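S.K.: Structure in structure tokens, see below.
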Amino acid sequence: MEFKHIVSILIGLSGGIAVGGGFVAFITVLGIIPRLVQLTKTYKAVQAYEMSVITGAIAGSVGTLHMFTSSLPGVVTVPIGLAAGIFVGMLAAALTEVLNVFPILTKRIGQEHHLKLLIMAIVLGKITGSLFQWLIFEGY
Amino acid sequence: MNHRIYLQLFPVQKAEMGQTLLLSDVARLEGKDTLVTELAEIPIYTIGPGDKSHVVIDILTVLQSIHHWFPDIEIDVVGPTQTVTEIETPRSSKTSVLLVFVWILLFVGAGLTIMNFHEDVSMLEVHQKLHFLITGTENKQPLFIQIPYSFGLGIGMILFFNHIFKKRLNEEPSPLELEMHQYNQEINRYLAETESDRSSKTWNSNTSSPSS
């Protein structure tokens, strides 16, 4: 093994550690896993969820960095797309929540009891924006 | 004969403009029954046009009013020493126009930011690559991923806020409810500490206030 290979391994490994650490920290700060645990009352499965996130991240990086393909029917991508969407939706919700948007906004306009309505505005806006982008916007 | 009354101020309560707050509106009382019913009727404060959105009432003001009517009573105070009264203003048509405006603002803003996010992280490329990875065929517009993805986005947000289910999945408060509560609590604490009533007679005449 040449010197340049050793250097490459070192760079790749440290890059991976940095990115992986950052990824886990990000997920942790946003509190998505605790939220899912709370919703499903599966408090004992937290470790299993950790493993799921780790294996998912590894599978994702292997899938994108090394080009290998399978030939499954297109319908298989439907549940994957849905799961990806739910996850990103939770990320977006968690971000809005961390940034404290709703308490301040509803208080300012004196509409604390219309909170649900305003959340639905954001939710529907996200769905519409996303569909608009895929169906119309990207075509131009 | 002395009776001991225990008094606990409510941290927060709501009142309307012009309403006279009675002792029973701002505090919970415990003691001899006949005395408590009499005490409950003591007026503490009348909300006038000079008050804006919140009124902070100090425990000393409350004690002053009680001693005005019952000079010999002995009161033990439990809990907070200030109470914040939120004044409810009647809703006008202006606020509903405001609501519609904010709704549209949030809707458009949410749509735009998710598009920005997708562009930023090359979501389209990722979807195309994912489609190729699974099916082995190139597809410039992998709608089988994109449409479920878009609806999943909404489902995920709703799940996080726990709001679509009228019957909750469980009794724990959602993160947003906690956040609202914390925010309100911070406002009330701020008001209680900065706007508390320093005008009661006992305070001015018997002790020299540190701020003077």
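The values are calculated or read from the model by the stated rules, or taken from the named source; none is laboratory data. Here the structure is a predicted model, which means the values were calculated and not measured. Using ideal geometry, Cβ is built from the backbone for each residue, glycine included, and neighbour counts are taken over all protein chains shown.
S.K.: Among the residues of segment A:40-50, what is the count of those that are surrounded by 10 or more Cβ atoms within 10 Å (Cβ to Cβ) and either within 12 Å of another protein chain (Cβ to nearest Cβ) or more than 18 Å from the chain's Cα centre (by Cα) (or both)?
M.R.: 4
S.K.: Quick one: which of A:LEU99, A:LEU105 is more than 9 Å from chain B (Cβ to nearest Cβ) and closer than 21 Å to B:GLY111 by Cα?
M.R.: So the residue among A:LEU99, A:LEU105 that is more than 9 Å from chain B (Cβ to nearest Cβ) and closer than 21 Å to B:GLY111 by Cα is A:LEU99.
S.K.: Counting only residues that are in contact (Cβ under 8 Å) with a residue 60 or more places away in the chain and exposed (fewer than 15 other Cβ atoms within 10 Å of the Cβ), which one in segment B:14-46 is nearest to the chain's Cα centre (by Cα)? Show your work before the answer.
M.R.: Within segment B:14-46, the first condition is being in contact (Cβ under 8 Å) with a residue 60 or more places away in the chain, and the residues that meet it are B:14-17, B:21.
Those left that are additionally exposed (fewer than 15 other Cβ atoms within 10 Å of the Cβ): B:14, B:16-17.
Values: B:LYS14: 11, B:GLU16: 17, B:MET17: 19 Å.
Across segment B:14-46, the extreme among qualifying residues is B:LYS14.
S.K.: Still on this structure: Here are some residues: A:VAL53, A:VAL88, A:VAL76, A:VAL123. Which one is within 7 Å of chain B (Cβ to nearest Cβ), surrounded by fewer than 20 Cβ atoms within 10 Å (Cβ to Cβ) and at pLDDT 85 or above?
M.R.: A:VAL76
S.K.: Count, please, the residues in segment B:11-51 that happen to be farther than 17 Å from B:GLU74 by Cβ, out of contact with any Gly (no Cβ under 9 Å at 6 or more places or on another chain) and assigned to a loop (DSSP other than H, G, I, E, B).
M.R.: Residues in segment B:11-51 being farther than 17 Å from B:GLU74 by Cβ, out of contact with any Gly (no Cβ under 9 Å at 6 or more places or on another chain) and assigned to a loop (DSSP other than H, G, I, E, B): 4 in total.
S.K.: Inspect all residues belonging to segment B:66-77 and state whether any of them is surrounded by 15 or more Cβ atoms within 10 Å (Cβ to Cβ), of a type outside the set (A, V, I, L, M, F, W, C) and either touching a Phe, Trp or Tyr at 6+ places or on another chain (Cβ under 9 Å) or in contact (Cβ under 8 Å) with a residue 40 or more places away in the chain (or both).
M.R.: Within segment B:66-77, not a single residue is surrounded by 15 or more Cβ atoms within 10 Å (Cβ to Cβ), of a type outside the set (A, V, I, L, M, F, W, C) and either touching a Phe, Trp or Tyr at 6+ places or on another chain (Cβ under 9 Å) or in contact (Cβ under 8 Å) with a residue 40 or more places away in the chain (or both).
S.K.: Something else about it: With respect to the numbered conditions (1) buried (at least 18 other Cβ atoms within 10 Å of the Cβ); (2) over 30 Å from B:GLU193 (Cβ atoms), which one is the sole condition not fulfilled by B:ASN116?
M.R.: (1)
S.K.: Could you figure out which of (1) closer than 23 Å to B:ASN184 by Cα; (2) outside any strand (DSSP E or B) isn't true of B:ILE66?
M.R.: That leaves (1) as the condition not met.
S.K.: Something else: Can you name the residue in segment B:169-183 that is more than 7 Å from chain A (Cβ to nearest Cβ) and more than 15 Å from A:THR96 (Cα to Cα) and, of all such residues, is modelled with the lowest pLDDT?
M.R.: If we take residues in segment B:169-183 being more than 7 Å from chain A (Cβ to nearest Cβ) and more than 15 Å from A:THR96 (Cα to Cα), then B:GLU171 is modelled with the lowest pLDDT.
S.K.: In the set A:GLY125, A:GLY110, which member is outside the structural domain of A:VAL29 (by TED's automatic domain parsing), in contact with a helix residue (DSSP H, G or I) (Cβ under 8 Å, 6 or more places away or on another chain) and part of a loop (DSSP other than H, G, I, E, B)?
M.R.: Result: A:GLY110 is the single residue among A:GLY125, A:GLY110 that is outside the structural domain of A:VAL29 (by TED's automatic domain parsing), in contact with a helix residue (DSSP H, G or I) (Cβ under 8 Å, 6 or more places away or on another chain) and part of a loop (DSSP other than H, G, I, E, B).
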